[in-house]
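J.: Next up is a structure, given as structure tokens.
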Amino acid sequence: MPKVILTFPEGKHKVLTMSYDDGRAADRKLVKVFNEYGIKGSFHVNSGLLGFEDRIPEEEVAQLYEGHEISTHTVTHPTIARSPKEQLIEEIIEDRKSLERIAGYTVRGLSYPNGSYNRLIKEMLPYLGIEYARTVHSTGNFSIPDDFHEWNPTCHHNRNLIKLAEDFVQLNKKQYLYMMYVWGHSYEFDNDQNWDLIETFCEIISNKSEIWYATNIEIVDYFKAFQNLKFSADSHFVYNPSAISVWLSADNNIIEVKAGKQMNLISIN
């Protein structure tokens, strides 16, 4: 039986993802920085607040976040653990409807507004079409989440970001998968006058051949595609019923299992 393990696309063993809330005007500058360095992010937007004060107007949203992910943050940003379930459902479903109309694709992610959630909310989310939800509880490590509906980030950008980035770049044990997940609010860079922080971070961590730069939902989709692979009982071949490729290491050979294809996992030269 071959030794088969999951890798990230193209055999990579690290992934970086960014997560920013509220859809504020400073997202314009942040997206520009990300685009310059090839960094991908998920932007969690309150559809009911678009265009108010310094929020991005609705007509700009789709173009601004092109190449990144538009995700839910509820319609009006309530503390949802204190809300009736009827309001919770409306806040999420209506946010999805509005954002999907704007984005033109299915919106399936959430960041908990005010970091508020509980067990009941987590249990309801799959029925509302939400496949992941980010907390504000930073771990300080690079682990893969066990529960995507309680997705704890590595750090807020104001908490030891550069040291963590340097540590992440140095990780080289390919028997592990590592994830660096950074969250925050773009307006904090204006408030703290530290745009140089995110630019330095991007300089350190960009253009690394061993890092996959992905949105939150791309990571979720990738792990689900791996879980959906159909392996033969002896792991000699595998069928991929999903719509995206999955990369595996089989006896240290990197194999792309393409969407809708069956691949042999032995005698690979």
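Per-residue answers, yes or no, for (1) at pLDDT below 95; (2) more than 18 Å from the chain's Cα centre (by Cα); (3) surrounded by 14 or more Cβ atoms within 10 Å (Cβ to Cβ):
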{"position": "13", "(1), (2), (3)": "no, no, yes"}
{"position": "17", "(1), (2), (3)": "no, no, yes"}
{"position": "32", "(1), (2), (3)": "no, yes, no"}
{"position": "37", "(1), (2), (3)": "no, no, yes"}
{"position": "40", "(1), (2), (3)": "no, no, yes"}
{"position": "67", "(1), (2), (3)": "no, no, no"}
{"position": "77", "(1), (2), (3)": "no, yes, yes"}
{"position": "90", "(1), (2), (3)": "no, yes, yes"}
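J.: Out of the stretch 23-59, which residues are among the charged types (D, E, K, R) and in a helix (DSSP H, G or I)?
T.: Correct list: 27, 28, 29, 32, 36, 58, 59.
J.: Please indicate, with yes or no, whether at least one residue in the stretch 80-97 is assigned to a strand (DSSP E or B) and in the same structural domain as residue 215 (by TED's automatic domain parsing).
T.: No: zero hits.
J.: On to the next question. Given the criterion free of Cβ contacts under 8 Å to residues at least 60 places away in the same chain and buried (at least 16 other Cβ atoms within 10 Å of the Cβ), identify the matching residue among 228, 240.
T.: When all the criteria are applied, what remains is 240.
J.: So, one more: Restricting to the stretch 230-269, what's the tally of residues that are touching a strand residue (DSSP E or B) at 6+ places or on another chain (Cβ under 9 Å) and assigned to a strand (DSSP E or B)?
T.: 17
The values are calculated or read from the model by the stated rules, or taken from the named source; none is laboratory data. On a predicted model such as this, the values are computed, not experimentally measured, just so you know. Methodologically, a virtual Cβ is constructed for each residue, glycine included, from the backbone with ideal geometry; neighbour enumeration extends over all protein chains shown.
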